[in-house]
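Readers should treat all values here as calculations from the given coordinates under stated rules, not as data from a laboratory. Note that this is a predicted model, so its numbers are computed, not measured. Quick reminder, even Gly has a Cβ in these numbers, built from the backbone with ideal geometry, and neighbours come from all protein chains shown.
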Amino acid sequence: MRYTEGTLLTPQTPMPPSANPLCVQCAKLSRDEAIALHGPEGTGVQCWKVKTCDNRRHYHRNAPMFNQVRKQRRRQQKGQAPAVSSLGASSTLQLQRDFHPGEAVVAAPRRSRSKRTETVTVPTFDAATPHAYLYWYRRAKDAPVHAIAAELWIGDHRRARACFHVTGGGAVQIKETLLHVLQEFSTLAGSKVRHFRDEVELMPDRCPLRPCPLHPEP
């Protein structure tokens, strides 16, 4: 029995496949770090595959965005599509990623012999709506937090950013600090920012703060 939306999950119904924890952790690393760890001469599990790993890492890094797109498509199928501006403006929606020398560009499967990557024109979203994003710098969700970053975006523009080390702060102090950040974002945006739209997990080695205990100065 295949799982579809609206199907009740029972003991006889196969569960959707879960993400490989190793791939999720690998997605937090840079490409060079991932190859050094999982490549043919890596110091960890040597599971790097040139044909698949770049795409998998891209998916895991952008999983919140993909989930948001799927939710929006479900709402549209149910007749709950968001309102479109009366001007009828449109924009080109493209999923962006970083490519590296020697890396193949893989387009989505298409029933066409053409190898060109196509773009899709979609109605313009409400660019005036502010959204906040949260970034955790830690090795795992149950590991100590090294640093936290938060960003305020309005449309395609980043309006504000807050980043700080977590030095001895507990869960209560972290929550109070993030609530204060949301209040500051609300002031800057001119409208209430009630919560963080998405949360992203990153490895502590990618902490952007300087000075940083993980990046000692010579």
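Worth a mention:
- Residues of region 33-59 classified as in a loop (DSSP other than H, G, I, E, B) and surrounded by 13 or more Cβ atoms within 10 Å (Cβ to Cβ), total: 5
- Yes/no for Val172 being among the β-branched types (Val, Ile, Thr) and within 21 Å of Cys207 (Cα to Cα): no
- Residue within region 197-213 that is farther than 24 Å from Val24 by Cα, more than 18 Å from the chain's Cα centre (by Cα) and not in a loop (DSSP other than H, G, I, E, B) present: yes
- The residue that is nearest to Val24 (Cα to Cα), counting only those in region 169-196 that are surrounded by fewer than 16 Cβ atoms within 10 Å (Cβ to Cβ) and within 20 Å of the chain's Cα centre (by Cα), is His195.
- Selection of first residues in region 142-164 that are farther than 16 Å from Phe196 by Cα and of second residues that are among the polar types (S, T, N, Q), restricted to Cβ pairs under 9 Å at least 6 apart or on distinct chains, gives the following pairs, ordered by first then second residue: Phe164/Thr177.
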